[in-house]
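Asks: First, the structure itself, so that you have it in front of you.
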Amino acid sequence: MSRFAPAVAFVLASLAVASAQPVDDLKAAAGKWAVVKATLGGKDFTAAFKTLELQLTADGGYKVTINGQPDEGAVKLDPTKTPKQMDIVGKAGPNAGKTIKTIYKLDGDTMVVCYELGDGDRPTAFESKAGTKQFLAEYKRAK
């Protein structure tokens, strides 16, 4: 039995690191964000999203307001995937009851998220091609 102890310890340590990772990304992403660039279906939509206010919390909550309309819910991260994955689960507002599949990357005060706004598969690249319902947004941390 004792010969398995190192293997069990390694597995438990690996699980601890893997389970801590989403919390680290959630903490790093917590705060207010503003859109600096937005593309939907291959077209520039930056001007339409300049009023968007995004607030992420360290416990996985989100609140978005665009043109005065609020949307709230939770985010579930899986940073073990490549690219990292996030599910956005709407709880109140226009996305209540919906789950939006995304990929994300976070680098300091810059966050890039590619959303699948239709019924398609989760995006696999940070792009928004013509004819798709993929929304690519680059955010900067609001001061």
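Asks: What are the ³J(HN,Hα) values, in whole Hz, obtained from phi via the Karplus relation 6.51 cos²θ - 1.76 cosθ + 1.60 with θ = phi - 60°, for each residue of the stretch 92-104 in sequence order, with x given for Gly and Pro?
Replies: 8, x, x, 9, 4, x, 9, 10, 9, 8, 9, 10, 8
Asks: Here's another thing I want to ask about it. Can you list the residues, at least 5 places off or on another chain, whose amide H is less than 5 Å from the amide H of LYS91, using H built in the peptide plane?
Replies: Under 5 Å from the amide H of LYS91 lie the amide H atoms of GLU72, GLY73, ALA74, GLY97, each far enough along the sequence or on another chain.
Asks: What residues qualify as long-range amide H neighbours of LYS37, i.e. H under 5 Å apart, gap of 5 or more or another chain, H built at 1.01 Å from N?
Replies: GLU138
Taken together, the values in this text are just the output of simple stated rules run on the coordinates, not laboratory data. Computed from a prediction, not measured in an experiment: that's the story for all the values here.
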